[in-house]
Amino acid sequence: MITDRIDGFLPIEGYGVLGNGRTVALVGSDGRIDWWPLPTMDAPPVFAALLDPPHGGHLTLQPEGEFTSTRRYVDRTNVLETTFTTDTGSVRVTDAIPVGLGGRLPWEELIRRIEGVDGYVDMHWAIVPGDRFRAVQPWLERHDETILIHVGDQHLALRFFDVGSPQLDPHHVHGRFRADSSTDAMIAVTNSDASPVFLPNREELDGHLRLTLDRWRDWSDSLQYDGQWSETVCRSALALKLLLYTPTGAIVAAPTTSLPERIGGDKNWDYRFMWLRDSSFTVDAFINLGMHEEVHAAVVWLLSTIQKTAPDLHVFYRLDGELPGSQDELPLPGYRDSQPVRDGNGAAAQAQLGTFGDLFDTVWRYVQHGHLLDPATGRLLAELADRCCDRWRHRDSGMWELGDHQHYTISKIGCWVALDRALQLHDRGQIATGHAERWVVERDAIRDWVEDRCWSEEKQVYTFYAGTEDLDAAVLLAGWTGFDRGDRLRSTIDAIRQELAEGPLVYRYTGMDKEEGAFLACSFWMVSALVAVGRTDDARAMMDELVRLPNDVGLLSEQMEPATRRQLGNFPQGLSHLALINAAVDVSGALRGDS
């Protein structure tokens with residue numbers, strides 16, 4: 001396992017993730033937690049050495065001197081175990097963000113339990129709070145056996161059990177101890193958000209850890225998937241569960257900001273939002289795995305959020321359902337000097353017509369599995385279908401949020417999906433009012449427009465946008481949505497594999513091999529497209545290669561460098577794991593002969 005840092009930074013794949021449905025922490029393979037936003041995953045992080053080693057803050061727990069490490073998640077849980085080995089012995093560290101009897105605890109808590117395995121290991125630890133993106137100055141105070149760290153409106157209580165005597169400096173606390181085969185020690189951090197601080201004792205912390213293990217196992221046992229790659233699918237589902245913001249039902253695209261798509265480059269974006277684009281993938285994956293509570297929560301959140309701004313659809317929303325603010329560039333070093341570091345995302349104001357299809361496909365998949373819409377939602381959807389009819393002929397920024405406004409093929413396909421699903425919902429009586437005759441006319445007009453203007457006779461492919469010969473891997477979704485599962489999609493698949501792929505990895509669109517890594521979701525979309533056109537053997541072979549791409553604990557970022565297989569972009573990336581689950585379900589269904 002990689003434990004060496006480059007200029008203070010671990011490779012992105014060197015992290016595991018902890019969480020509880022409200023916040024997450026990234027734990028390095030060397031025992032250092034470099035990212036922990038508090039109190040929520042979209043809040044300014046209290047620990048952010050991931051982007052700012054000098055001032056961002058970290059929680060370190062590792063052996064003195066040279067060591068190696070191996071790690072795993074405790075089976076069917078999001079509790080992480082790391083075993084450190086030195087020339088004198090080995091020690092196991094168990095990391096968790098616990099849950100409570102009623103779900104999430106009323107406070108945030110992180111437990112680091114240290115158990116000796118054999119011999120002895122000299123350990124050191126440090127808790128160094130950051131300045132929350134240069135916004136505040138942390139300070140410490142002692143209350144009897146408890147140390148409090150104040151970081152703006154966040155108050156952290158530190159509890160220590162058998163880890164030596166804590167040493168206080170003005171802005172951090174640290175210590176050393178020897179772990180041997182009899183050691184069962186613990187460091188715990190509890191956090192309150194502008195409120196009194198709860199102080200659990202050792203017995204209560206042990207109980208929280210046991211309960212957390214049980215809850216994760218119970219949840220994993222409820223997953224419904226009996227195809228190939230079950231372990232990989234289960235791990236992706238567990239990763240997605242950490243990205244589901246339980247107070248509202250939104251799923252964050254990724255819990256980090258500004259991890260680069262190219263080391264040292266400027267394509268560093270803030271993904272701590274819920275993209276409408278991802279909603280249909282989310283609901284489909286959750287339905288496929290029998291995650292009924294999560295399905296309903298996601299759909300209810302989506303519809304209630306859209307109701308606030310209808311008939312306008314926005315590209316993405318904050319996790320609390322409000323509209324995003326401005327995008328700011330922060331004076332931080334960035335991950336491996338990849339700048340700028342961004343807080344907020346400038347794509348919020350873009351027009352992306354494909355969002356109509358994302359919304360309607362989400363609702364359709366929900367209804368298709370036996371659920372019903374309320375009358376207010378039916379009226380909202382009818383209004384939005386008419387809005388789609390009015391706007392589908394416009395240029396937009398496309399799925400990839402580009403500054404170049406074009407008639408993007410995938411945007412037109414998205415509008416076709418919206419009206420096709422609106423008509424199916426109307427036929428089922430789920431949209432009782434509206435202008436169904438108009439939706440038929442416009443839906444068919446979109447198909448004619450795409451087939452005429454977004455098709456290259458010379459290359460026999462669906463193009464990136466009208467008037468170009470360039471390719472876009474997002475067009476592979478034509479099979480998943482049902483827009484095309486015939487010869488045109490088959491020849492487009494062949495062209496994308498030839499022009500945009502390196503082995504099983506697929507770039508987003510023409511020219512991206514010079515600017516960024518391959519986009520992992522596109523590779524899984526290729527698998528689903530192969531299934532859609534009946535190439536099941538090819539799909540299975542490709543899936544067998546792709547399931548080897550996650551890191552040692554089963555996690556994926558947004559992108560990957562084909563030559564080195566190093567992960568790039570924000571981590572862990574919800575869309576990558578969603579696409580993996582849906583591709584696995586598609587292949588497994590095809591192998592069983594499901595219609």
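The values are calculated or read from the model by the stated rules, or taken from the named source; none is laboratory data. As the structure is a computational prediction, the values presented were derived from the model and not from experiment. FYI the Cβ positions are ideal-geometry reconstructions off the backbone, even for glycines, and counts take in every protein chain you see. In case anyone asks, the SASA skips ligands and DNA or RNA and just uses the protein heavy atoms, side chains included. Shrake-Rupley method; radii C 1.70, N 1.55, O 1.52, S 1.80 Å.
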Please note which strands (runs of 3 or more DSSP E) are completely contained in the range 5-74 and include at least 1 residues that are touching a Gly at 6+ places or on another chain (Cβ under 9 Å) and open to solvent by 10 Å² or more (accessible area, probe 1.4 Å).
-> 58-63, 68-73
What pairs can you find where one residue is in the range 530-546 and under 12 Å from ASP484 (Cα atoms) and in a loop (DSSP other than H, G, I, E, B), the other is open to solvent by 30 Å² or more (accessible area, probe 1.4 Å) and of a type in the set (Lys, Arg), and their Cβ atoms are less than 9 Å apart, with a gap of 6+ or different chains?
-> VAL533/ARG485; VAL533/ARG490
Output the residues belonging to the range 559-595 that are open to solvent by 10 Å² or more (accessible area, probe 1.4 Å) and part of a loop (DSSP other than H, G, I, E, B).
-> PRO562, ALA563, THR564, ARG565, GLY593, ASP594, SER595
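If you check PRO196 against the conditions, is it within 18 Å of GLY21 (Cβ to Cβ) and open to solvent by 20 Å² or more (accessible area, probe 1.4 Å)?
Values: within 18 Å of GLY21 (Cβ to Cβ): no; open to solvent by 20 Å² or more (accessible area, probe 1.4 Å): yes.
Here the answer is no, as PRO196 does not meet what is asked.
Please enumerate the residues belonging to the range 221-271 that are part of a loop (DSSP other than H, G, I, E, B), under 26 Å from ASP544 (Cα atoms) and open to solvent by less than 40 Å² (accessible area, probe 1.4 Å).
The first filter runs over the range 221-271 and keeps only residues part of a loop (DSSP other than H, G, I, E, B), leaving 222-229, 246-249, 252-256, 258-269, 271.
From what's left, under 26 Å from ASP544 (Cα atoms): 222-229, 253-254, 261.
Those that are part of a loop (DSSP other than H, G, I, E, B), under 26 Å from ASP544 (Cα atoms) and open to solvent by less than 40 Å² (accessible area, probe 1.4 Å): LEU223, GLY227, TRP229, ALA253, ALA254, GLU261.
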In the range 374-403, which residue that is open to solvent by less than 30 Å² (accessible area, probe 1.4 Å) and not in a helix (DSSP H, G or I) is farthest from CYS522 (Cα to Cα)?
-> TRP392
Could you identify the single residue in ARG497, ARG508 that is within 24 Å of MET560 (Cβ to Cβ), touching a residue at least 60 places away in the same chain (Cβ under 8 Å) and basic (Lys, Arg)?
-> ARG508
Is it true that some residue in the range 414-429 is in a loop (DSSP other than H, G, I, E, B) and either under 20 Å from LEU471 (Cα atoms) or open to solvent by less than 20 Å² (accessible area, probe 1.4 Å) (or both)?
-> no
Output the residues belonging to the range 476-512 that are of a type outside the set (A, V, I, L, M), part of a helix (DSSP H, G or I) and in contact with a Ser or Thr (Cβ under 8 Å, 6 or more places away or on another chain).
-> GLY479, TRP480, GLU499
Taking TRP439 and the conditions (1) open to solvent by less than 50 Å² (accessible area, probe 1.4 Å); (2) in contact with a Phe, Trp or Tyr (Cβ under 9 Å, 6 or more places away or on another chain), which numbered condition does it fall short on, given that it satisfies the others?
-> (2)
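Going by the conditions given, is GLY164 under 28 Å from the mean Cα position of the chain (by Cα) and open to solvent by less than 50 Å² (accessible area, probe 1.4 Å)? First the steps, then the outcome.
Details: under 28 Å from the mean Cα position of the chain (by Cα): no; open to solvent by less than 50 Å² (accessible area, probe 1.4 Å): yes.
No.
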Out of the range 200-213, which residues are open to solvent by less than 80 Å² (accessible area, probe 1.4 Å) and over 19 Å from GLU294 (Cα atoms)?
-> PRO200, ASN201, ARG202, GLU204, LEU205, ASP206, GLY207, HIS208, LEU209, LEU211, LEU213
